[in-house]
Amino acid sequence: MGKFFPKLTQTHVFIQTEEDGTGFNCKMLPVSALDEMQSCCEDLRKASGADAETAMKEVERAKNRLIALASMVIPDSYKDNLKRFDIPALTELVAYLMYGDGNDTPKKN
């Protein structure tokens, strides 16, 4: 018997939106978006060493790019709310949409 690698075929994750466990299945980001995600993270790291004005501009630019990435797969009804996310929550969401985690199995309808 071979080794099981479910991530090779996974295309969706489950995003919980309510405390009672309800939420929605969401497409994962395409692997082609990985370079953009990593570039955003690198820009955020660079911003931490910049002067305040430059850092604010770089952080806002990176945030807009992360929102654009998440918007590729997030349903339209949730897209406007992405603007409410702070950088840590937004990077966590984008990473989840890219990689999933150990508890990301989509729910069956």
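Only the coordinates and a few stated rules stand behind these numbers; no lab work does. Quick caveat, the model's predicted, so the values are computed rather than measured. Virtual Cβ from ideal backbone geometry, glycine too; neighbours counted across all protein chains shown.
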Once the Cα atoms of helix 87-99 and of the chain are each reduced to a long axis, what angle between those two axes, in degrees from 0 to 90 to the nearest 10, is obtained?
40
For Rg and Dmax of the Cα atoms in Å, the listed values are (i) 15.6, 57; (ii) 13.6, 40; (iii) 15.0, 47; which was obtained by calculation from the structure presented?
(i)
Trypsin sites (Lys or Arg not before Pro), loop per DSSP, at most 13 other Cβ atoms within 10 Å - longest free stretch of the chain:
4-106
In the stretch 1-61, GluC sites (Glu not before Pro) in a DSSP loop with at most 13 other beta-carbon atoms within 10 Å:
E18, E19
Candidate aspartates and glutamates - alpha carbon under 20 Å from K46, same-chain residues fewer than 8 apart omitted:
D35, E36, E58, E60, D86, E92
Add -39500 (n - 2.57) for each DSSP H run of 4 or more in the chain, then divide by its residues: what number comes out at 222 nm, to the nearest 500 deg cm²/dmol?
-15000 deg cm²/dmol
Amide proton proximity set for G100, modelled H, under 5 Å, gap of 5+:
none
Rounded to 10°, Cα long-axis angle of helix 34-47 versus longest principal axis of the chain
30
Please arrange S77, S71 by how many other C-beta atoms lie within 10 Å of their C-beta, fewest to most.
S77, S71
Top of P30, P75, P88 by mean-square fluctuation, Gaussian network on the chain, Cα under 10 Å:
P88
Helix 52-71 sits off the longest principal axis of the Cα atoms of the chain, rounded to the nearest 10 on a 0 to 90 degree scale, by 20
